[in-house]
1. Starting from the range 208-237, take each residue that is within 19 Å of residue 269 (Cα to Cα) and list its partners that are in a strand (DSSP E or B) and among the charged types (D, E, K, R), counting only C-beta distances under 6 angstrom and pairs at least six apart or across chains.
2. Restricting to the range 18-46, name every residue that is out of contact with any Ser or Thr (no Cβ under 9 Å at 6 or more places or on another chain) and either at pLDDT 70 or above or surrounded by 11 or more Cβ atoms within 10 Å (Cβ to Cβ) (or both).
3. Just the residues that are of a type outside the set (Val, Ile, Thr) and more than 32 Å from the chain's Cα centre (by Cα), please, taken from the range 57-79.
4. Out of everything in the range 54-77 that is outside any strand (DSSP E or B) and touching a Gly at 6+ places or on another chain (Cβ under 9 Å), what residue ends up being surrounded by the fewest Cβ atoms within 10 Å (Cβ to Cβ)?
5. Using beta carbons and a limit of 6 Å, which pairs, at least six apart or on different chains, have the first residue in the range 359-372 and farther than 14 Å from residue 294 by Cα and the second one of a type in the set (D, E, K, R) and loosely packed, with under 13 Cβ neighbours inside 10 Å?
6. Among (1) assigned to a loop (DSSP other than H, G, I, E, B); (2) modelled with pLDDT of 90 or more; (3) of a type outside the set (Gly, Ala, Ser), where does residue 334 come up short?
7. Output the qualifying pairs, or none if there are none: Cβ atoms under 9 angstrom, residues six or more apart or on different chains, first residue in the range 154-175 and on the phi < 0 side of the Ramachandran plot, second residue of a type in the set (D, E, K, R) and in a helix (DSSP H, G or I).
8. If residue 268 meets every condition in (1) touching a helix residue (DSSP H, G or I) at 6+ places or on another chain (Cβ under 8 Å); (2) part of a loop (DSSP other than H, G, I, E, B) apart from one, which number is that one?
Amino acid sequence: MKRFFPIGVIIVALLMVLFVIRRCTSAHSATYQTATVTRGPITQLVTATGTLNPVTNVQVGSQVSGNIQKLFADFNSQVKAGQVVAQIDPALFQATVTQAEGDLANAQAALELAKVNAVRIQKLFAEKNSSQQDLDQAIATLHQGEANVKIKQGALDKAKADLDHCTITSPVDGVVISRNVDVGQTVAASLQAPIIFQIANDLTKMQIDSNVAEADVGAVEVGQDVDFTVDAFPTRTFHGKVVQVRNAPITVQNVVTYDTVIGVDNKELKLKPGMTANVSVIIAHKDNVLQLKNAALRFRPPEAAESRPASPPGGGPPRSGGSGQRPTGARQRTPERTVYVLSYGRPKPVQIKTGISDGIVTEITDGLKEGDAVITAELTSGASASSSPSTNPFSGGRRFP
């Protein structure tokens, strides 16, 4: 009997060890949601919003003040360069011209008298019948008359120019976009020229002034293709090209953007000035490349998340690929990332290299092959969910795609 006692103790110990292992395994049992590595096209974009404007947009104003007497153009009117589009009442300006002409004639008469007097005084001085003072006075009066004629001539020229400005003409060929005055309305040009018409030179050629964020502007270059939509045609995609990236920053509430000008062909005249465009600048495009959902790049198992350091030596940001940041066209992403594949029911880390991304899927250049199943989320059973810290959706261990 004593001979079988050690054997029984060993058997009981083995059963207890198996029971403990089984309990631990069942307590930590988990299933995982996976995504398959596939092949397909990827387009990397920079998105922005902008406003459609004519390439050449001229604001026609008035240099003089007065009442609008006539209008020869209206909304959507086709006009030619030099065509009269408005007339300001010229009565006051005509009276000023008449007065200036009279002042000039008076000055010219005074000049003629001064010339005659100067000649007479010179003869008398030559005959020694006049003093040097009289001669000097006559010559000075002659010069004053000449200067006075120039002053009156300048006043007349200004009065005529103001009279000519009463007739407002179009500086370019185009179409009237807006008319800001009516007949009988008074325009005042004391501080700045009032805008009467807004004329677009050619509506078949338009541009989008889009505001690109400073984080994305580094990837935008002249000549890149652009796709955009407008609310007026929600099912249609229009196309354009980047023609200019302006260096002047636009700062609104500490947010810095840069004006990116996009050239648009509008032969159908469907696009109108002022429309809001949702712009997508095509930064890069690849066909038939390995791609993986970005949720797989964000996944971290609980044990990896707990042991992961907050930052590498030097205080820089973590180099791991599970930062959860959505890639954009301009942001520099670390090409080496860590993903997890299932190996005997447990996550196995795999180092991969990534390429471009469209924000939903990312190109895989090395480390995986087509058909590999990569973990995107952990689905824990209810028993372990109550005891495992990874079940908290706000903790760093469990990430949802």
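The values are calculated or read from the model by the stated rules, or taken from the named source; none is laboratory data. Keep in mind it's a predicted model, so treat the numbers as computed, not measured. Positions of Cβ are backbone-derived with ideal geometry, glycine not excepted, and every protein chain shown enters the neighbour counts.
1. Once the first residue is within 19 Å of residue 269 (Cα to Cα) and sits in the range 208-237, its partners that are in a strand (DSSP E or B) and among the charged types (D, E, K, R) give 209/259; 237/227.
2. 18, 36, 37, 38, 39, 40, 41, listed by residue number.
3. Across the range 57-79, the qualifying residues are 63, 65, 66, 67, 69, 70, 71, 72, 73.
4. Checking each candidate, the answer is 56.
5. These pairs meet every condition: 370/39.
6. Condition (2) is where residue 334 drops out.
7. The qualifying pairs are 155/103; 156/101; 156/103; 159/101.
8. (1) is the only condition that residue 268 fails.
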